[in-house]
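The next block holds one structure in the form of structure tokens; read it before the comments.
Derivation of every value follows stated rules applied to the coordinates shown; laboratory data play no part. Bear in mind the structure is a predicted one, so any value in this text is a computation, not a measurement. Cβ atoms come from the backbone with ideal geometry, glycine included; neighbour counts cover every protein chain shown.
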Amino acid sequence: MSLSTKEMIAIPGGGGETGNGARYKQSYIIIGAIVGAVGVLLPIIFIGGERFFLGGGWHVRGSISAYYHTSMRDVFVAGLCVTGFLLAIYRSGELRKAEFWLSLVAGIAVTGVVFFPTGRPGLPPDAPKCGVMPEPAGCSPVQQLLGEIPVAMVHFTCAVVFIVTLALISFVFAGHDGNKASTLQIACGVTILAAVLGVVAGELNEITLGELTPLYIGEVVSVWAFAVSWVAESVRAWQDH
């Protein structure tokens, strides 16, 4: 008895196009879950890790990016580079999908956040900036080569592109046909954009909550909202699978 093409495709490992497509789909479901998990865990790891290395109480920095200039630099670089790489290859076999291009932009942007670090935090106004000789303490090679302020401007631009793109990805996810989590993903996108506006308002009015700066709060809220949206998309894709 011969099997139809459709029946062969339905058999795992049957060699059909959909069989390969199923394995591909599994891979991007896993990528989405990993990216979401990393987004949730990194802010917690930064705080806990710094307490482990430095001792003392629990403290937070003025921004997530500031952890580049702490004992958690290696974790910061590794975590964001992994995230950037996974974002860049997400849906890489579907070049006509909007989420592929948005995810690619987000991956490149977050990699830029790593390779063009923010300025060194807590410097006195008259402290020498990176790019002069003798080299100030704590400067990265790129800061010393290009100057601390220009590098910080590139960092800021990449961070804004990254965060806004995450909101757009959430909206694209919400638009998938039959998506039962569309309301949640729209809420995630709106939350990310609201967090950006909250950072601007909080910084302009110099509002803080203890050690928590508007920038830090906005970054964490954005990253966690993004993580929720991506996990929801992974669950939807797995159910459809």
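Taking the stretch 114-144 as the search range and keeping residues that are loosely packed, with under 15 Cβ neighbours inside 10 Å and charged (D, E, K, R), which one is nearest to the chain's Cα centre (by Cα)? Applying the filter and picking the extreme gives GLU135.
Checking each residue in the stretch 209-220 for being surrounded by fewer than 18 Cβ atoms within 10 Å (Cβ to Cβ) and not acidic (Asp, Glu) picks out LEU209, GLY210, LEU212.
Screening the candidates ALA152, ALA98 for the property of being aliphatic (A, V, I, L, M), touching a residue at least 24 places away in the same chain (Cβ under 8 Å) and closer than 22 Å to ALA195 by Cβ yields one hit, ALA152. Restricting the first member to the stretch 123-139 and to residues that are within 25 Å of MET72 (Cβ to Cβ), and the second to residues that are in a loop (DSSP other than H, G, I, E, B) and among the aromatic types (Phe, Trp, Tyr), no beta-carbon pair is closer than 8 Å while six or more apart or on different chains. Of all residues in the stretch 200-220, those that are within 13 Å of ARG61 (Cβ to Cβ) have Cβ atoms under 9 Å from Cβ atoms of residues that are surrounded by fewer than 14 Cβ atoms within 10 Å (Cβ to Cβ) and among the aliphatic types (A, V, I, L, M), 6 or more apart or on another chain, in THR213/ILE207; ILE217/LEU209. One residue is enough: does the stretch 40-61 have a residue meeting the conditions in contact with a strand residue (DSSP E or B) (Cβ under 8 Å, 6 or more places away or on another chain) and crowded, with 17+ Cβ neighbours inside 10 Å? Within the stretch 40-61, one or more residues are in contact with a strand residue (DSSP E or B) (Cβ under 8 Å, 6 or more places away or on another chain) and crowded, with 17+ Cβ neighbours inside 10 Å. Before we move on, is VAL160 of a type in the set (A, V, I, L, M, F, W, C), crowded, with 16+ Cβ neighbours inside 10 Å and within 29 Å of VAL231 (Cα to Cα)? Criteria not met by VAL160.
Go through the stretch 172-200 and report how many residues are touching a Gly at 6+ places or on another chain (Cβ under 6 Å) and surrounded by fewer than 20 Cβ atoms within 10 Å (Cβ to Cβ). Here the count works out to 1.
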